[in-house]
Amino acid sequence: PQMGLPWCCSRPSLTGHARGLLTSLITLLLLRLGSVVGPGHSVTATMGQDVVLPCHLSPQRDARSLDVRWIRDSISETVHYYRNGEDLYGEQMRAYSGRTELARDGLSAGNLDLRITGLRPSDDGQYVCTVRDADAYDEAIVELEVSGADPHLSLGGYEAGGVRVLCRSAGWYPLPQLLWRDARGQHLPSVSQTHSQDQEGLFEIEGAVIVTGSAEGPLSCVVKNSRLQQERESSLHIAAPFFHNAQPWKVALALVLVLLSVSIGLGVYLFRKQGKLAAQGWSGGRNGDQACPGLSSAPDGLAPSVPAVTVTLDPDTAHPLLVVSQDNSSVRWEKEWQQVPDTPVRFDNRWCVLGHQKFTDGRHWWKVKVEGEMGKYSSWAVGVSRESVKRKGYFKRRTEEGIWALQYKEGQLISLTSPPTPLSLSPVPTRIWVYLDCTQQQVSFINADNGVQIYTFTAASFNGASICPWFWLRTEGIQLCLKDSTLQTPSPALGTPCPSPATPRTPLLSPAGAAEE
């Protein structure tokens with residue numbers, strides 16, 4: 001008789017069918033969700049800057065109803081969590097509090113990009129973009145590499161028959177290497193090299209080299225991070241006249257002539273600028289013989305008929321990381337999330353607060369004082385916005401969003417135009433008059449120390465909307481203060497100290513918490 005195969009010999013066939021069925025089921029579920037796709041390469045960013053970690057669904061689909069969670073791969077803790085149209089911060093790592101934003105405007109198209117602000121050394125590493133719905137789950141890994149700033153090259157004077165060149169770079173961790181290369185790629189020895197470490201643990205390194213006239217082509221300074229295998233490089237080409245070693249007086253004379261030309265050009269520019277401002281009604285003021293009216297009077301050039309307003313902050317609009325003083329005259333940024341009600345008028349993503357006052361016509365001005373030590377990574381902004389400015393979710397701080405403002409960033413002021421415009425001011429003013437002309441639809445910013453105009457937004461599209469004072473702050477240890485702008489304020493040179501916002505206006509959840517705060 002014909003012998004059949006034992007039952008046990010047929011089991012592998014059934015197991016194979018089950019495995020195939022399971023694979024097909026998983027494939028169907030993933031097709032319903034789509035694949036989560038990362039950038040396919042590491043993302044490199046500079047310490048202290050902002051970075052966007054890209055992630056999207058493929059094929060494209062609406063992600064507004066999905067669970068989107070960004071986590072750190074090494075520790076599996078939550079960096080940012082979004083679910084059913086809202087951001088949930090209960091599980092967020094403390095290190096990322098107030099520093100993450102999910103790009104809401106792209107969710108409907110399947111974009112899951114995460115913005116991280118104010119990069120720190122601890123932000124370096126792998127991130128996982130995870131997406132889940134009722135039936136499926138998928139993820140993508142994004143590698144973030146955080147490095148220091150590009151090297152800054154400068155000339156340090158004549159030494160040992162050549163020119164001393166300095167190279168400095170900050171924001172590194174761990175301590176990097178600093179190397180010099182000539183045009184042929186050959187390494188040059190440093191004559192000195194020093195480094196320091198700031199309170200956040202970041203290293204700044206500085207080196208020097210002596211370059212003689214025999215060197216041809218550009219000189220390069222390279223800063224290397226051995227852990228990340230990254231390099232940042234800057235180059236400098238020294239013109240031949242700088243190498244007149246035997247007759248250094250020629251170089252000195254050339255420098256004097258250059259400085260003299262610059263001074264004459266600057267004088268002509270300022271003279272023309274003053275005449276232009278006078279023609280626009282910015283000259284005169286209360287005391288015609290004063291170049292700078294001081295802090296207690298109108299900014300240089302404003303007629304006495306312009307009303308001075310006392311601006312106060314509206315704590316109901318303040319982001320939960322902002323603490324407004326009891327008298328509503330100053331605001332500071334805190335790391336701890338304040339327990340305040342999430343009302344429709346409160347900013348929940350951008351660290352903003354508005355003033356109580358609303359303007360629709362006429363001309364008005366007020367003064368803002370910035371208190372605290374401004375470091376390289378400090379950041380703040382002052383200006384005006386429409387009362388209807390977006391309060392919920394991410395938005396660009398630009399004129400098209402109804403915001404006209406100046407921002408301090410990386411040691412300089414920039415106007416928040418599209419794109420932003422860097423302003424060359426040294427030193428950066430810390431007392432600024434904000435001048436609003438609703439009739440002419442202009443917003444101007446004036447240095448309160450000398451009355452010099454900083455920047456003016458012309459043809460601002462107010463379109464009859466109510467305009468409010470607007471403030472943005474992202475740095476601990478800095479506070480924005482509003483002084484009484486009335487003309488009776490004494491001591492124009494010194495002013496009065498800004499009241500410290502010691503406690504939030506809205507109490508914390510428990511008396512014990514309020515006492516600790």
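The values are calculated or read from the model by the stated rules, or taken from the named source; none is laboratory data. Everything quoted here is computed from the prediction, not taken from an experiment. Here the Cβ positions follow ideal geometry from the backbone for every residue, glycine too, while neighbour counts run over all protein chains shown. Only protein heavy atoms, including side chains, enter the accessible area calculation; ligands, DNA and RNA are left aside. Shrake-Rupley method; radii C 1.70, N 1.55, O 1.52, S 1.80 Å.
For this structure, a couple of remarks:
- Pairs from the list K335/K376; K358/K409; K335/K409; K369/K409 with a Cα-Cα gap above 21 Å: K358/K409.
- Dividing the convex hull volume of the alpha-carbon atoms in the range 325-461 by its residue count gives 133 Å³ per residue.
- Distant-in-sequence amide contacts of K409, defined by a placed amide H-H separation under 5 Å and a gap of 5 or more residues or a different chain, comprise I414.
- Charged neighbours of H187, selected by a Cβ distance under 15 Å, balance to 0 (K, R count +1; D, E count -1).
- Modelled FRET efficiency - R0 30 Å, L266 with D449, Cβ distances, 0.05 increments: 0.95
- Phi angles across the range 147-156 convert, under the Karplus curve 6.51 cos²θ - 1.76 cosθ + 1.60 with θ = phi - 60°, into 3J(HN,Hα) values of 10, x, 7, 4, x, 10, 9, 8, 8, x Hz, Gly and Pro given as x.
- Selection from A140, P151, V165 lying farthest towards where the dipole of the range 127-215 points positive, charges on Cβ: V165
- Rounded to the nearest whole Hz, the Karplus-based 3J(HN,Hα) values (6.51 cos²θ - 1.76 cosθ + 1.60, θ = phi - 60°) of the range 193-199 follow the sequence 7, 9, 8, 9, 10, 8, 5, with x at glycine and proline.
- Dividing the convex hull volume of the alpha carbon atoms of the range 396-452 by its residue count gives 91 Å³ per residue.
- Amide proton proximity set for L188, modelled H, under 5 Å, gap of 5+: W180, R181, D182
- Heavy-atom accessible surface of the range 94-209: percent carbon and sulfur, 1.4 Å: 44 percent
- Computed 3J(HN,Hα) for the range 37-43, one whole-Hz value per residue from the Karplus formula 6.51 cos²θ - 1.76 cosθ + 1.60 where θ = phi - 60°, is 10, x, x, x, 8, 6, 9, glycine and proline marked x.
- Inter-centroid distance (Cα atoms) of the range 69-97 relative to the range 154-215, Å: 40 Å
- Summed residue charge, Cβ within 12 Å of G402's Cβ, Lys/Arg positive, Asp/Glu negative: +3
- Rounded to the nearest 10 square angstrom, S42 shows an accessible area of 50 square angstrom against a 1.4 Å probe.
- For S76, net neighbour charge (Lys/Arg +1, Asp/Glu -1) across residues whose Cβ lies under 12 Å away: -2
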